[in-house]
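Below is one structure, written out as structure tokens, with a few remarks after it.
The values are calculated or read from the model by the stated rules, or taken from the named source; none is laboratory data. Not measured: the values here are computed from a predicted model. Note that each Cβ is placed from the backbone with ideal geometry, even for glycine, and that neighbours are counted across all protein chains shown.
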Number of protein chains: 2
Amino acid sequence: MNAEIIIIGDEILLGLVTDTNSAFIARTFAPLGIAIRRITKVGDKIEDIIGALQQVSPDSEIVITSGGLGPTHDDKTREAVAAFLGTSLQTNSAALDEIKSAYARAKRTMTDANAVQALIPTGADYLSNQLGTAPGIKFHKNQTTFFCLQGVPKELESMVKHHVVPFVSNKAGKEIIAYRTLRATGIPESALYEHVKEIIKNFSDQLDIAFLPKLAVGVDVRLTTSKRMLPETAHALIEDAQTKFINKIHEKYPAAVYAFDDDTMENAVAQLLFKTKLTIATAESCTGGLIAHRLTNVSGSSAYFMQGVTAYSNASKMQLLNVPEELIRQHGAVSEEVAKAMAEGVRKLAGTDIGVSTTGIAGPTGGTSEKPVGLVYIGLATKKGTQVIKPLILPFPTDRVTFKERSSQMALNEIRKFLISL
Amino acid sequence: MNAEIIIIGDEILLGLVTDTNSAFIARTFAPLGIAIRRITKVGDKIEDIIGALQQVSPDSEIVITSGGLGPTHDDKTREAVAAFLGTSLQTNSAALDEIKSAYARAKRTMTDANAVQALIPTGADYLSNQLGTAPGIKFHKNQTTFFCLQGVPKELESMVKHHVVPFVSNKAGKEIIAYRTLRATGIPESALYEHVKEIIKNFSDQLDIAFLPKLAVGVDVRLTTSKRMLPETAHALIEDAQTKFINKIHEKYPAAVYAFDDDTMENAVAQLLFKTKLTIATAESCTGGLIAHRLTNVSGSSAYFMQGVTAYSNASKMQLLNVPEELIRQHGAVSEEVAKAMAEGVRKLAGTDIGVSTTGIAGPTGGTSEKPVGLVYIGLATKKGTQVIKPLILPFPTDRVTFKERSSQMALNEIRKFLISL
């Protein structure tokens, strides 16, 4: 089964907004055996949208459009579809009712502009939108079913799940492309590649294998079946390859694979904390609250996360975390000794099983030759004692946010490795 | 001047990675008067890459490719360029030296795989890469100059800045497309549109105007010159439109426009804090550290940010922030009273000018009919007293991370409005 995607919006061609919708649709379709054959990006002009609709290949069974359904003058998808179908726009009363109730629930006043969103081409269906006010549009032409969806990613994603997936699941062919991503951290891409080269060779007829470096936070290794196959064959192949890759990687780099596919480091840590019923508190300096933010992104995190301190000033390190002033004076706030005292301090303060700390130089200013930008100490205090990790400084400069992301990733990975060791 | 972009990688077509590189290139090129005429996305197969290179239009003067320069077997751009030029690959000794020094600096062992990255087609130049080990490749064919750059966004961005921009700045035509994005928060898209409809009409011959809603955090209004014009004319037009839009918006929604273009709410707050020399501390429950993270993303934030507390447990609210146990028992942890006590507590604890707090129900579990998922109280304690804001609950469900983003955005906006009022 073939599909096409049409992304509508000047903002995409101008690069003001990054198109994440086609990636989401492709990811959703692959396991259903639907191949994306073309992605077309057009601006907001009605003739360009009509042109893109007309150029859809007759043997594409599904077309998704994204964008142009909002309430403002630059939203032209409704008119383009009507022109493409040679029909006119009519207010759909069920769609209008839905828009009205959304406004009533929000206790907001509905404007004339919003009523425009209830206009649907004659002969087309409206699609209910749970997350916003613009309904989608669904229609058939020849052998193709068109779904016109919103440009806002969360809305589009919800519409794909509720309207498109049930429709295509009934239609899709039996053979699928299967894939799995192994997410590894703490190994450079080239070293990882050298280490697994033999296994790649063994699977070269059956799998496409790609290495996707994520600057400063790890490498994703993606295994994809190189052709369509029956679901059970595809899944068995992927499972077998996954096991062989992980065994090989962990031979030299224990526990380096922290998650699969879209899963995150924070969720890997959360699942281990749920399992061990241990609690945690954070004392962050250079990561500025990012570790606490990531740990609390997981639903149910109040079971393990008790409190976090972002101790930016020296005063707050001393006052809240009980770091001796002498230690800061002697070794500096960015030091192994202070990282240790911060981790132990927050563990005691919060009465948790684990205390984790960071102190470092995020930059771009504040570095010295002795303590350069990029330096970070990560402290981990547990009942087994306190360890301080000093990761290698990257050989190239990173910006402030990348530095925070990398440091938080390493701190979370240290927590994960400790929990696995139990 | 015309440009094309070729994005290389199976991961893009499969939707496993979102292409942000073409948006970055388009954004960089627009103010230089360079129009992106086509974006082509191909997989990792060498024949597809060669095909895309051959299909470049003869009157495109610049082509940027992204991806396929890594050290592993699935990186085929080097070979494809050699085939396209009808030449062979040779080790470039200057490129090899650069790769060796990057490894030496990082105290890491260079592998055979990395040496592959120094292979450059005969007759092409290598481009120095400050952020990684893979050099870029530059070559000319007919009237077109090709830049083959990395797929990792930070590396590509650095290469575009260091190699491509200086090259095209000397070549680009005089007429440009100019644009400006006004970032507003606290107003629904349709209400904003109704309010500025007249001004849109006045500029309809000269500007393309688009409304880009950002789920739960605001609406961006983008003003773009509808045709190329001399830089001074384009900038004057944009400045004039910007003033008129802001005046009109602020007539009804004071201070709703918080930033321009790529600028962020946290930077807007930071600039006001730098200017007023005031200090701040955070007491977060439902936002879990995100406000502290955002406030410390700005370089120099240690001047205003003293400390943050993520008080997830009731114990930490009482112990660190001095919230009376009685208050939590009587009103619950998610209440106006507790938000007020938290903001005042952290302001006193940290001795700062401003204390900001959040307490709410992030979901997806933990909601009740009286206190549903999405409820949040934001406290702001200053020398003028303490106010607590209770934003409207959205009429549709949001996920946990969206809830945190929206709540942090509103809290930062409250700080901003307070600082403006001084």
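Could you please let me know if A:Ile46 is at pLDDT 90 or above and crowded, with 20+ Cβ neighbours inside 10 Å?
no
Just one of (1) touching a strand residue (DSSP E or B) at 6+ places or on another chain (Cβ under 9 Å); (2) part of a helix (DSSP H, G or I); (3) at pLDDT 85 or above; (4) within 12 Å of chain A (Cβ to nearest Cβ) trips up B:Ala30, so point out which.
Looking at each condition in turn, B:Ala30 falls short on (3).
Return the pairs, sorted by first residue and then second, in which the second residue is crowded, with 16+ Cβ neighbours inside 10 Å and among the aromatic types (Phe, Trp, Tyr), the first residue lies in the stretch B:87-108 and is in contact (Cβ under 8 Å) with a residue 24 or more places away in the chain and closer than 23 Å to A:Pro391 by Cα, the beta carbons are less than 8 Å apart, and the residues are 6+ apart or on different chains.
Listed by first residue and then by second, the contacts come to B:Ala102/A:Phe396.
Looking at (1) at pLDDT below 90; (2) more than 14 Å from chain B (Cβ to nearest Cβ); (3) crowded, with 19+ Cβ neighbours inside 10 Å, find the lone condition where A:Phe84 falls short.
Looking at each condition in turn, A:Phe84 falls short on (1).
Hey, among the residues in the stretch A:194-204 that are at pLDDT 90 or above and farther than 30 Å from A:Ser407 by Cα, which one's nearest to the other protein chains (Cβ to nearest Cβ)?
Only one residue tops the list, namely A:Ile200.
Conditions (1) buried (at least 24 other Cβ atoms within 10 Å of the Cβ); (2) touching a Ser or Thr at 6+ places or on another chain (Cβ under 8 Å); (3) more than 9 Å from every other protein chain (Cβ to nearest Cβ), marked per residue:
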| site | (1), (2), (3) |
| --- | --- |
| B:Phe260 | no, yes, yes |
| B:Leu272 | no, no, yes |
| B:Lys275 | no, no, yes |
| B:Thr287 | yes, yes, no |
| B:Ile291 | yes, yes, no |
| B:Ser313 | no, yes, no |
| B:Asn322 | no, no, yes |
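Only one of B:Thr181, B:Thr145 is within 16 Å of the chain's Cα centre (by Cα) and either modelled with pLDDT of 90 or more or over 29 Å from A:Leu156 (Cα atoms) (or both). Can you tell me which? Give the steps one after another, and end with the answer.
Values: B:Thr145 fails: within 16 Å of the chain's Cα centre (by Cα).
On inspection, the qualifying residue turns out to be B:Thr181.
Show the residue pairs meeting these rules: Cβ distance below 7 Å; 6+ apart or different chains; first residue within the stretch B:1-27 and facing chain A (nearest Cβ under 10 Å) and over 27 Å from A:Ile177 (Cβ atoms); second residue of a type in the set (Ser, Thr, Tyr) and crowded, with 22+ Cβ neighbours inside 10 Å.
From residues that are facing chain A (nearest Cβ under 10 Å) and over 27 Å from A:Ile177 (Cβ atoms), there are no pairs.
Do any strands (runs of 3 or more DSSP E) entirely within the stretch B:216-308 hold 1 or more residues that are more than 23 Å from the chain's Cα centre (by Cα) and either under 30 Å from A:Ser301 (Cα atoms) or outside the structural domain of B:Glu336 (by TED's automatic domain parsing) (or both), and if so, which?
On the way: elements: B:218-225, B:257-260, B:280-284.
Here the list reads B:280-284.
Of the conditions (1) of a type outside the set (Asp, Glu); (2) in contact with an Asp or Glu (Cβ under 9 Å, 6 or more places away or on another chain); (3) at pLDDT 85 or above, A:Ala216 satisfies every one except a single condition; which number is it?
All conditions pass for A:Ala216, except number (3).
Mind telling me which of the residues B:Leu192, B:Leu156 ends up being assigned by TED's automatic domain parsing to the domain that holds B:Ile246 and under 25 Å from the mean Cα position of the chain (by Cα)?
The conditions single out B:Leu192.
Which residue is nearest to B:Leu321 (Cα to Cα), if the candidates are limited to the stretch B:379-401 and must be among the polar types (S, T, N, Q) and crowded, with 18+ Cβ neighbours inside 10 Å?
Within the stretch B:379-401, the match that is nearest to B:Leu321 (Cα to Cα) is B:Thr382.
Any residue in the stretch B:165-182 that is closer than 25 Å to B:Thr264 by Cβ and assigned to a helix (DSSP H, G or I)?
Among the residues of the stretch B:165-182, at least one is closer than 25 Å to B:Thr264 by Cβ and assigned to a helix (DSSP H, G or I), which makes the answer yes.
Look at the stretch B:347-362 and say how many of its residues are under 19 Å from A:Asn314 (Cβ atoms) and part of a loop (DSSP other than H, G, I, E, B).
So the count comes out to 3.
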